[in-house]
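Accompanying notes for the structure given below.
The values are calculated or read from the model by the stated rules, or taken from the named source; none is laboratory data. No experiment lies behind these values; they were computed from the predicted model shown. Because the Cβ atoms are built from the backbone with ideal geometry, glycine has one as well, and the counts that use them run over all protein chains shown. These accessible areas exclude ligands, DNA and RNA; they are computed on the full protein's heavy atoms, side chains included. Shrake-Rupley method; radii C 1.70, N 1.55, O 1.52, S 1.80 Å.
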Amino acid sequence: MTPYEAIDVRFSCRAFDDRPLGTADLEELKALAEQLGQEGNLRFVVVGMADGGADLKLAARMFTGDVSSYIALIGPDDNATRERFGYFGEKLVLHATAMALGTCWVAGTFDRQSVKVPLATGEVIHDVIPVGHMPAKQPFAQRTIRAAMRKRDKKPEALYQGPTSLAEAPTWVRLGIEAVIKGPSAVNQQPVVFVQDQSGLRATLPKVQRDIAYTDLGIAKLHFQLGAEAAGTCGTWGWGTEGVFALQ
Ligand SMILES: Cc1cc2nc3c(=O)[nH]c(=O)nc-3n(C[C@H](O)[C@H](O)[C@H](O)COP(=O)(O)O)c2cc1C
């Protein structure tokens, strides 16, 4: 399964079964986390069962079942770090999805004290991503939570401002934006708007309600890039709000 294909399969998994992750799965995630950490100058810590992964306390009103492994996203408390965590962390999420594992970005509904990873001065825990085996069917409560969140889905047109309507925009732009809508964002706010004009295509955050929107920005940039690539148009993003998608 390619990362682009994983976009269609991924969802925020809030139910896990009791089987801990096997050593091979953990090693695969650790190796990728190490590589992405180097690429993005980020600290991903993969915590398996043997490292105390089962101590993680997720809010019981949202999550069910025992998850014994998670990835802690740790770094300085700034928006540039948040954005890079979004971009590179979502690469990890899509990879885990392709491994048939359940994941969920969690920035709020967990107990930070239950994360036993030591922090250096100036570091904070931005998010955790529990990773585990999924039950064959998500329980009713978790399906209801997701349906309620996904009701807020924006129309693709709301995420695009360009010289034409989105329907008349090039296929790579349309597939990019479709991939963004399918992606995760904090409380499904989908805050990123793609603006296209003579200077190119930029990812913007018109209304930043909370800093976590910068993580959404990084995630949206990755999803857009994968969607554009699926239409045969490759590009790389400049960082930050107003970052330009440089076509290759
Ligand atoms: C940065 C970020 C933080 C999130 N934090 C939480 C959280 O604290 N608790 C939670 O249950 N879901 C959290 N989510 C998951 C979103 O609610 C979810 O992505 C959104 O509702 C879309 O649903 P889907 O991911 O199932 O497609 C977060 C997602 C992102 C991207």
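General remarks:
- Structural descriptor for the range 152-247: relative contact order 31 percent, calculated from alpha carbon pairs under 8 angstrom and at least 6 residues apart.
- Across the chain, the mean sequence separation of Cα contacts (distance under 8 Å, 6 or more residues apart), normalised by length, yields a relative contact order of 22 percent.
- Computed from the C-beta positions of Phe140 and Thr23, the FRET efficiency with R₀ = 45 Å rounds to 0.85.
- For the range 121-154 versus the range 24-43, the inter-centroid distance based on Cα atoms is 21 Å.
- Accessible carbon and sulfur surface of the range 152-247 relative to its total accessible area, %, 1.4 Å: 51 percent
- Taking packing as the residue-averaged number of other Cβ atoms within 10 angstrom, the listed peptides 121-131, 176-186 run from highest to lowest as 176-186, 121-131.
- The value of relative contact order for the range 38-127, using C-alpha pairs under 8 Å at least six residues apart, is 39 percent.
- Each residue, Asp211 and Thr164, gets one label point 7 Å from its Cα in the Cβ direction; the gap between the two is 4.1 nm.
- Secondary-structure-derived ellipticity at 222 nm for the chain, considering helices only, amounts to -11000 deg cm²/dmol, per-run term -39500 (n - 2.57) for DSSP H runs with n ≥ 4.
- Here's the list of lysines a cross-link from Lys116 could span, going by alpha-carbon distance under 29 Å and ignoring same-chain residues fewer than 8 apart: Lys30, Lys57, Lys91.
- At the residue level, Met62 shows approximately 30 square angstrom of accessible surface with a 1.4 angstrom probe and all protein chains present.
- Per residue convex hull volume, Cα atoms of the chain, in Å³: 123 Å³
- Charge dipole (the chain, unit charges on Cβ, about Cα centre) - positive-most of Ile181, Gly89, Ile145: Ile145
- Most to least packed among 152-164, 86-98 [average Cβ atoms within 10 Å]: 86-98, 152-164
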